[in-house]
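Inspection log for the structure reproduced underneath, given as structure tokens.
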Amino acid sequence: MSIITCIEDLRRLARRRVPRMFYDYVDGGSWSESTYHANQADFARIKLRQRVARNIDNRSLQVHRLGIDMAMPLAIAPTGLAGMVHADGEILAARAAAAAGVRYTLSTVSICSLEDVAEATAAPFWFQLYVMRDRDFVGRLIDRAKAAGCDALVLTLDLQLSGQRHKDLKNGLSTPPRPTLANLLNLLGKPRWVAGMLGTRRRHFGNIMGHVTGVHDMRQLAEWTYQQFDPCLNWDDIQWIKQRWGGTLILKGILDVEDARLAVASGADALIVSNHGGRQLDGAPSSIAMLPAIVDAVGGQAEVWIDSGIRSGQDVIKSLALGAQGAMIGRAHLYGLGALGQAGVSQALQIIAREMDLTLALCGHTQIEQIDRQLLVPGSYPLP
């Protein structure tokens, strides 16, 4: 594939180069995958107003969000196991994000640790927190994120237990992965991936292994992780986390108007409208369908971001038109990572920036702050 022009090209290349179990982990949703597919389909239904004979010179995508100057209103979403999509994947993606002038978000269940990423990158990054039953471990994770120079904490609320993901079950994706004959045969066709993994020491959950008493191998890690995700997580816990963290707090996984109001009341600086990329509650609405009502409910009391289903710069522009202050990409950057490593993530970010710029111009605007619902064809987008 000599010419890559869009995120879909990166996806196709990643599918060829990444082992099936890890590619399907990235590309799959839960149950029937109806919500996963709705995320993209609902973006496609939204139509843009083409405007002509307007001065569209001197365009800029630069914004100031959450106290940070950004090259564009975009961040890389936290994604578990990125270091299994490509060796040292989190480090490579963080470097690409820093070079592009946007924030990278490291997952609690990353392969590279907080310390790995902080040592390998010069720019600050965000850290995504899963709440475990072991609150002492959670507190130490927060302290490690501070020490690593993270300038925002992203607290994920929609994964107190994992949705049923059929592809992962059928592929034997576990900790450690099951060495089935099918998986071993599939690896034989992925020499780039195998060489990369043989060349790195980072092959386990770096934020957990070595930081939990009694967890010394992958099997013990699997048992600990299964037992630790806390189904009792509630809004009172957010107050404790906010106090322990003391900095910018972003709540991820908001898909309901009432929950959005509770998020604001909890003191969140921002919330992310998200259905976890269609990987949790299948049958839930798309993130973009819920965005307008949540924006109206929040009423400017906190920044509203969005993820799930964003595959292009046009999707970002549509999100901004419906009131989001920014968007996050998960799968889009992982396709680039699996396809070409750090260069692929950089290419994904460049593609989205180019598409944002072109769409902004053809809709007759030059600045991100000019975007509102007037950019969209009436009746083609959801109303609160």
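For D315, the test of being in contact (Cβ under 8 Å) with a residue 40 or more places away in the chain and either within 18 Å of the chain's Cα centre (by Cα) or closer than 23 Å to S34 by Cβ (or both) is passed. Selection over segment 269-293 of residues that are among the β-branched types (V, I, T) and either without any contact (Cβ under 8 Å) to a residue 60 or more places away in the chain or closer than 16 Å to E303 by Cβ (or both) gives a count of 2. Candidates R51, R11, R16: the one that is surrounded by 15 or more Cβ atoms within 10 Å (Cβ to Cβ) and basic (K, R) is R11. Within segment 190-198, identify whether any single residue is within 29 Å of D24 (Cβ to Cβ), assigned to a loop (DSSP other than H, G, I, E, B), among the small types (G, A, S) and open to solvent by 50 Å² or more (accessible area, probe 1.4 Å), and answer yes or no. Taking every residue of segment 190-198 in turn, none turns out to be within 29 Å of D24 (Cβ to Cβ), assigned to a loop (DSSP other than H, G, I, E, B), among the small types (G, A, S) and open to solvent by 50 Å² or more (accessible area, probe 1.4 Å). Quick check: is even one residue across segment 226-233 of a type in the set (F, W, Y), at pLDDT below 95, part of a helix (DSSP H, G or I) and open to solvent by 30 Å² or more (accessible area, probe 1.4 Å)? Yes, some residue in segment 226-233 is of a type in the set (F, W, Y), at pLDDT below 95, part of a helix (DSSP H, G or I) and open to solvent by 30 Å² or more (accessible area, probe 1.4 Å). Taking (1) out of contact with any Ser or Thr (no Cβ under 6 Å at 6 or more places or on another chain); (2) modelled with pLDDT under 95; (3) open to solvent by 40 Å² or more (accessible area, probe 1.4 Å) in turn, M218 satisfies each apart from (1).
Does H204 satisfy being assigned to a loop (DSSP other than H, G, I, E, B), at pLDDT 85 or above and more than 22 Å from the chain's Cα centre (by Cα)? No.
The values are calculated or read from the model by the stated rules, or taken from the named source; none is laboratory data. Everything quoted here is computed from the prediction, not taken from an experiment. Glycine gets a Cβ as well: all are built from the backbone with ideal geometry, and neighbour counts include every protein chain shown. Heads up: the accessible areas ignore ligands, DNA and RNA and are worked out on the full protein's heavy atoms, side chains in. Shrake-Rupley method; radii C 1.70, N 1.55, O 1.52, S 1.80 Å.
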